[in-house]
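**Student:** Let me give you the structure first, and then I'll get to my questions.
Just so you know, all these numbers are worked out from the coordinates, no wet-lab data involved. Since this is a predicted model, take the numbers as computed values, not measurements. Don't worry about glycine lacking a Cβ; one is built from the backbone with ideal geometry, like all the others, and counts go over all protein chains shown.
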Ligand code: NDP
């Protein structure tokens, strides 16, 4: 029996992942579900949003790898196999995410939206630049992507604060943790960056009441999951200026429906959920490393806790 890795994704190229994984995993067959001859040979699955019942034939499964960093759509399923679950999240994915957030933060810190509006009116609109150290940037979530991003923001000289569940230490980042710190954290974020996973605890966390705690005229960036935020309340806050600008990569419904009021707001920048993606060239090494670790009887890295939800 040849150990088999089954790949599933409607967004990622099987051929690309196969070409990268094959040399790293000699002796492992890499194929798609329709090409499996013997389901009992399937020891590993690398998948993004596989259909319900996908795992059922693979009774010898040893490892399930989520082809992406966000596992909310996976851990809530009722057909999860009882095997270790890991996720793809590598430094290149962190760099891509940090690049997106840096762009959005710098755009606000340098008042670029005001210049974009002035240009449309052929208006010379001088606003004196602020020092980055005078801009308080709050990063909610200091995980693999969040911590990388917070450190990059600190490197740019911003006054960076971070919030997580457990205590953290990051150079140049003022870290706090726990629910009791959240309200004060929001109240001192001129630019808020949401980088939390979607879990039972974080769903709806940024309610109308919590959004109202942000300083008047603050900026809002969400690159995590739409459902962490009350989108209606966010829209209202953007309409009345309580939140002055938003960069939104994620929404409570995706694709964002054409009739949604956010599309028409000139203080909102919308991107279609692509702040960061799994990068095959580096992600493949991480997937292969975990499969090799299993073979050596070692614990796998980047393991997800389905009960915790991330
Ligand atoms: P991680 O799972 O590595 O880290 C999650 C962070 O959030 C941790 O710091 C964790 O705290 C914190 N956290 C979780 N729950 C709570 C809570 N209840 N209260 C306070 N803090 C909490 O995630 P990543 O950094 O890798 O990614 C973050 C999210 O980004 C992903 O879950 C995904 O949804 C999203 N994403 C979006 C993409 C896009 O293109 N828009 C691409 C990839 C990911 P602690 O450290 O204490 O555990």
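**Student:** Quick one: angle between helix 231-240 and the longest Cα principal axis of the chain, in degrees between 0 and 90, rounded to 10, please.
**Tutor:** On a 0 to 90 degree scale, this one is about 20.
**Student:** Can you tell me which of 83-92, 297-306 comes out highest on packing, and rank the rest after it, using the mean Cβ neighbours within 10 Å?
**Tutor:** Ranked from most to least packed, the peptides come out as 83-92, 297-306.
**Student:** Helix 280-295 versus the longest principal axis of the chain: what angle, 0 to 90°, nearest 10, using Cα atoms?
**Tutor:** Approximately 50 degrees, to the nearest ten.
**Student:** So, one more: For the chain, set up a Gaussian network in which alpha carbons nearer than 10 Å are linked by springs, and say which option among 49, 168, 82 fluctuates the most.
**Tutor:** In the Gaussian network model the winner is 82.
**Student:** Using the per-residue mean of other Cβ atoms lying within 10 Å as a proxy for protection, in what order, highest first, do the peptides 17-30, 212-225 fall?
**Tutor:** In decreasing order of mean packing, 17-30, 212-225 become 212-225, 17-30.
**Student:** Taking the convex hull of the alpha carbon atoms in segment 26-163, what volume per residue do you get, in Å³? It would help to have the intermediate numbers written out before the result.
**Tutor:** Numbers: hull volume 23.9 nm³, N = 138.
Dividing the Cα hull volume of segment 26-163 by its residues yields 173 Å³.
**Student:** Measure out, as a whole number of angstrom, how far apart the alpha-carbon centroids of segment 261-310 and segment 14-54 sit.
**Tutor:** Each part reduced to its Cα centre gives a spacing of 18 Å.
**Student:** Then there's this: How big is the Cα convex hull of the chain in projection, averaged over all directions, in nm²?
**Tutor:** Over all viewing directions, the chain projects a mean Cα-hull area of 17.7 nm².
**Student:** How big is D for segment 146-204, in µm² s⁻¹ as a whole number, if Stokes-Einstein is applied with the Kirkwood radius of its Cα pairs at 4 °C and 1.567 mPa s?
**Tutor:** Using the Kirkwood radius from Cα pairs, D works out to 107 µm²/s.
**Student:** Starting from the Kirkwood Rh over alpha-carbon pairs, what translational D in µm² s⁻¹ does segment 91-270 have by Stokes-Einstein at 10 °C and 1.306 mPa s?
**Tutor:** 96
**Student:** Could you work out the relative contact order of the chain? I mean the mean sequence separation of Cα pairs under 8 Å and 6+ apart, divided by the number of residues, in percent.
**Tutor:** 17
**Student:** Helix 144-155 versus the longest principal axis of the chain: what angle, 0 to 90°, nearest 10, using Cα atoms?
**Tutor:** Once rounded, one gets 40 degrees.
**Student:** Can I ask one more? Let me have the 222 nm mean residue ellipticity of the chain computed from DSSP H runs of 4+ only, each contributing -39500 (n - 2.57), with the sum over all residues rounded to the nearest 500.
**Tutor:** Helix-only estimate at 222 nm: -8500 deg cm²/dmol.
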